Amino acid sequence: MTQRTLPQESPDPHTPDALLRGYARGETPAHALRAVESHLDHCPLCRSRLSGHTDPRILDHGWERLDVAIDAPVPGTGERLLVRFGVPDHVARLIAATPALRASWVGAAALTLLLAALIARLAEPAGTPLLFLGLAPLLPVAGVAVSYGRRWDPAHEMGLVTPMRALRLVLLRTAVVLATCIALTGAASLAVPGLGLATFGWLLPGCALTAVSLALAARMDSTTAAGATAAGWLAVLIATHDSHAVFSATGQTASAAVLAVASVAVLLSRTAFDRPAYRQGTAR
Amino acid sequence: MTDHTVEVRELGVRYRRSVALDSVSFSLRTGVTGLLGPNGAGKTTLLRALATALVPDTGEIRVLGQDPRDPGQRTEIRRRLGFLPQDPGFHPNFTAFEFVDYVAILKEMTHRGRRHDEVRRVLDAVGLSEHRGKRIRMLSGGMKQRVALAAALAGEPELLILDEPTVGLDPEQRLRFRELIADIGEGRTVLLSTHQTEDVAALCRRVVVLDHGVVKFDGDPVGLSAVAQGRVWSSAERDPQALAGWRTGQGTFHNIGSPPPGAAIVDPALEDGYLLLLDDTGRRAGQGAAA
């Protein structure tokens, strides 16, 4: 068995040169490490001797890394939360830039849902909250429409001319807006007694309408596409109001079919989102 | 087409009834080229078309050997391009660092450590290291402009297209900007539009003058100054024959136009050539100076 030589066993109370050199190179054996560091903590002389054994470039690099770590900007609460849930930091930053996640939009959406839930409950205390279910699918449509494009994304032009696939960004933001709407719906169902799980009847129609709106947005301005989708949805609601057919099992199946068709249409027109704007603005 | 970084042939863009670009042709190689022209000349339209942000109605473009009409080639151009738009927008809640980091992510820099190093490098290059933690909404106009410039520089693009990059910069910042662009222009291609003839004189090996969507001059700055050779003179009082004249710091008048016999002819500056060029195309020189 190899005999271990610990620093404190040396007749000289200070750390031997050989051990200091090894420590500077990061080659101190594990069993001696604690003793060396403990001695260095208390001994200015050995710390000074240690600096003589250390490559100044390594020290500078270490300080530089420390500076960078200390100066690194702290991301916002939302970004930190996303990273904590395992979202890669670059994806979290892309999400943080979603215009529809601004407090004003989320607040307006929450208030709209809450009022719709309250009115629905007061109007039909025991029935299906039709007003709520009719309104809720339009929120992701509106949220997604204001999440990209020249009109709503302040950095649109700088983003357009980068290699990032626009559809990837749009779908990422769509997912975030949908998740936000689901969370808000959940909060509304808890805030208004008696709504229960019926409030989630909007989800499939909401996803279907969002997909339709995106499919249209490949061919026109996102706001126009959202407006056209909303108009179509209202027409369907008015036509089927008495039968509640839209939110029945048949209606949900139809929504799922629309969602599938519209999703395929979006994927087929994916390059349209990368196309430069055509004849925008005025000559300058 | 050849090995030019940018080649444009017979480019045409119309906005409803007005013509923004009318059969524009030119090519660019490595170095800094200035694009001069009054408001409405079509500079921004041309830069946006080259930066793949606008589809022209007619003509052909090759950027870095790629055709921007083809989706795959367009993405390849975007990988190698840095673009500063005329009115860059920002996500106001981001800090300067976060915004440049955001654009760097859009430029496919997903490795956190390397990306952050690059963001720090470009923010340092534009003199914003100390302000990188500030929210963009708290920054001055000049600082915002520098944030956008840093975002354009991220990733060391081979082609840099800058639309009026010196707007909002104070004289010291402008000097620093010139040094930065001069360095970049040593090995890469930079095209910048400006109203400032001083920027062109200080930075550019080549200058293109655009007016009413038409290229009026394409050459070096000395050649543009030479347009005014023999047509610039000084006098003790304002000369009524001059197309434009202004009092200089020495107290004499600097006149441009058709000099009277015996006038004290002086060497023309780039601005003189530019103003006379615009006047020769039917514009009053004074309007050009205002632009």
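The values are calculated or read from the model by the stated rules, or taken from the named source; none is laboratory data. It should be emphasised that the depicted structure is a prediction, and the values quoted were computed from it without experimental measurement. Cβ atoms come from the backbone with ideal geometry, glycine included; neighbour counts cover every protein chain shown. For the accessible areas, the whole protein counts, side chains as well, though only heavy atoms, and no ligand, DNA or RNA atoms are used. Shrake-Rupley method; radii C 1.70, N 1.55, O 1.52, S 1.80 Å.
Computed with the Debye formula from one identical point scatterer per Cα of the range B:11-96, without solvent, the log10 of I(q)/I(0) at q = 0.12, 0.20, 0.22, 0.23 Å⁻¹ comes to -0.42, -1.06, -1.21, -1.28. Viscosity 0.890 mPa s, temperature 25 °C: what is the translational diffusion coefficient of the protein assembly as shown from Stokes-Einstein with a Kirkwood Rh over Cα pairs, rounded to a whole number of µm²/s? The diffusion coefficient I find is 87 µm²/s. Between A:L190 and A:A123, the C-beta separation translates, for a Förster distance of 25 Å, into a calculated FRET efficiency of about 0.80.
When the trypsin sites (Lys or Arg not before Pro) in the range B:15-67 are filtered for DSSP coil states and for at most 14 other beta-carbon atoms within 10 Å of their beta-carbon, the remaining sites are B:R16, B:R17, B:R29.
With the highest mean first, a sort of the peptides A:148-156, A:42-50, B:148-156 on other beta-carbon atoms found within 10 angstrom per residue produces B:148-156, A:148-156, A:42-50. Only protein atoms count toward the accessible area here, which uses a 1.4 Å probe; on the range B:87-144, the carbon and sulfur part of that area reaches 47 percent.
Roughly speaking, to the nearest percent, how much of the range A:80-274's 1.4 Å accessible area is carbon and sulfur? Summing carbon and sulfur atoms, their accessible area is 73 percent of the total for the range A:80-274. The range B:75-109 and the range B:218-284 have Cα centres lying 42 Å from one another.
The share of alpha-carbon pairs in the range B:86-157 lying farther apart than 16 Å comes to 37%. Each label point was placed 7 Å from the Cα along the Cα-to-Cβ direction; for B:E108 and A:I182 their separation is 3.1 nm. By the beta carbon rule, with partners counted only under 4.7 Å, the protein assembly as shown holds these lone Cys residues: A:C181, A:C207, B:C204. Taking both sides together, the accessible area buried where B meets A is about 3900 Å² for a 1.4 Å probe. With contacts taken as Cα pairs under 8 Å at a separation of at least 6 residues, the range B:86-157 carries a relative contact order of 46 percent.
When the alpha carbon coordinates of chain B are projected onto the principal axes, the ranges are 69, 44, 35 Å, largest first. Interface burial in the range B:51-75 reaches 40 Å² or more for B:A53, B:V55, B:D57, B:R74, B:T75, comparing the full protein assembly with the chain by itself; accessible area from heavy atoms with a 1.4 Å probe.
For the range A:258-278, a reduction of at least 50 Å² in accessible area between the chain on its own and the assembled protein chains (probe 1.4 Å) is found at A:P276, A:Y278. Here A:I58 and B:E172 are evaluated by their C-beta separation; at R0 = 51 Å the FRET efficiency comes out at 0.85. Apply the Debye scattering formula to the range A:147-194, with a single equal point scatterer on each alpha-carbon and no solvent, then give log10 I(q)/I(0) at q = 0.18, 0.26 Å⁻¹. Relative scattering, expressed as log10 I(q)/I(0), comes to -0.64, -0.93.
First measure r as the distance between the Cβ atoms of B:R137 and A:A18, then evaluate 1/(1 + (r/R0)^6) with R0 = 41 Å and state the FRET efficiency to the nearest 0.05. Efficiency, rounded to the nearest 0.05: 0.10. Per-residue ellipticity at 222 nm, computed for the protein assembly as shown from helices alone with -39500 (n - 2.57) per DSSP H run of at least four residues, works out to -15000 deg cm²/dmol.
Protein heavy-atom accessible surface, 1.4 Å probe, per residue over the protein assembly as shown: 48 Å². Contact order for the range B:224-290, expressed relative to its length and based on alpha carbon pairs under 8 Å spaced 6+ residues apart, stands at 38 percent.
If eta is 1.567 mPa s and T is 4 °C, what Stokes-Einstein diffusion coefficient results for the range B:224-290, Kirkwood Rh from Cα pairs, in µm²/s? Translational diffusion coefficient: 112 µm²/s.
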